[in-house]
Amino acid sequence: MIKIVNLLPELLGTYGDQGNVATLSWRLTKRGIANEVVHASAYNALPIDGDFYFLGGGEDDAQVAAVDLLRCENTLDKALANGAHLFAVCAGFQLLGNGFPASGGRMIEGLGILPIMTEPATPRSVGELLMDSTIGIGKLTGFENHGGQTKFVEKLQPLGIVQKGIGNHANEACDGAVTDQIIATYMHGPALVRNPKLADYFLSRKLGQLAEIDDAVFTELHDSCVARASR
């Protein structure tokens, strides 16, 4: 049984990123792979025995509350040590780093899992995001909406090279980060709905080669989003 953990959805569920969770479960089910989705609430102990973890986007105060909870229980370090894989979006991406901005001009210490730093920036990065992936799966598309911009403190592989939009930073022309167990991005959409090849790439890194499935509706959505963003 594959265990999918949706971390702190009441805090990091503002921008529809929970659609990533549903998509991953659907793609497993279509392949006949048994799976369960655990919505890990802030009011309960956070599980560390999951296979796939998700962090979504959220507002400033919710992001601060989320990082405090994750730090208190050391949830992600333990889960990753157990072999889990993590998909993080926007606020979830930022809180994995060394620090990120919050309301009132505050800088909040992050979890330090990724060597990144996020700083406040104006204007806010809002709009379609189109990029060429660095992982050999073609173009990726999403919608970005973030007030901070992120720089790598140490060398990291970005998820994509930005063709349209901002991504991590206005001066960097890249989006997200990829490590052996983590994929992070600023793409909402939700990202795994818009990008079915990315969803299968995320799955295959832990599960190995996957059987083909009929996901034409997702492929059509991806192609239409790429066409719109390319105009």
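Ordering 184-193, 94-103 by mean Cβ neighbour count within 10 Å, with the highest value first, yields 184-193, 94-103. With a cut-off of 19 Å on the backbone N, the residues of segment 2-43 near the modelled label site 7 Å out from Glu212 along Cα-Cβ are 27-33. Which whole-number value in Å² is the accessible area per residue of the chain, probe 1.4 Å? Ligands and nucleic acids excluded, the figure is 42 Å² per residue.
Helical content of the chain, expressed as a calculated mean residue ellipticity at 222 nm, amounts to -8500 deg cm²/dmol (DSSP H runs of 4 or more residues, -39,500 (n - 2.57) each, divided by residue number, nearest 500). Taking Cα centre as origin and charging only the Cβ of basic (Lys, Arg, +1) and acidic (Asp, Glu, -1) residues, the dipole magnitude of segment 1-114 rounds to 440 debye.
Counting every C-alpha pair in segment 115-231, the share spaced more than 23 angstrom apart comes to 28%. Qualifying trypsin sites (Lys or Arg not before Pro) in segment 1-90, where qualification requires a DSSP coil assignment and no more than 16 other C-beta atoms within 10 Å, comprise Arg31. The residues neighbouring Ala40, those whose beta-carbon lies less than 14 Å from its own, together hold a net charge of -3 under the Lys/Arg +1, Asp/Glu -1 convention. As a length-normalised measure over Cα pairs under 8 Å and 6 or more apart, the relative contact order of segment 102-165 settles at 39 percent. Listed by chain and number, the lysines placed with their C-alpha closer than 20 angstrom to that of Lys30 are Lys3, Lys197, Lys206; residues fewer than eight positions away on the same chain are left out.
The Rg/Rh ratio of segment 1-88, with Rg taken over Cα atoms and Rh as the Kirkwood radius over Cα pairs, comes to 0.96. Residues whose amide H lies under 5 Å from that of Ala88, counting only those 5 or more places away or on a different chain, are Leu55, Ile183, Ala184, Thr185; hydrogens are built 1.01 Å from N in the peptide plane.
I want the local charge near Val5. Using Cβ-Cβ distances under 11 Å, sum +1 for each Lys or Arg and -1 for each Asp or Glu among the other residues. With Lys, Arg at +1 and Asp, Glu at -1, the neighbours total -2.
Packing order of peptides 136-142, 169-175, highest average first: 136-142, 169-175 (average count of other Cβ atoms within 10 Å over each peptide's residues).
Per residue, the average separation of C-alpha pairs within less than 8 Å and at least 6 apart gives the chain a relative contact order of 18 percent. Solvent-free Debye calculation, one equal scatterer per alpha-carbon of the chain: log10 I(q)/I(0) at 0.14, 0.17 Å⁻¹ equals -0.82, -1.25. Annotation: peptides 158-167, 120-129, ranked by per-residue average of other Cβ atoms within 10 Å with the highest first, follow the order 158-167, 120-129.
For chymotrypsin sites (Phe, Trp or Tyr not before Pro), the sites in segment 1-75 that DSSP calls loop and that have at most 13 other Cβ atoms within 10 Å are Tyr43.
The values are calculated or read from the model by the stated rules, or taken from the named source; none is laboratory data. Treat the numbers as computed from the prediction; the structure is a model and nothing was measured. Using ideal geometry, Cβ is built from the backbone for each residue, glycine included, and neighbour counts are taken over all protein chains shown. All accessible areas refer to the heavy atoms of the entire protein, side chains included, with ligands and DNA or RNA removed. Shrake-Rupley method; radii C 1.70, N 1.55, O 1.52, S 1.80 Å.
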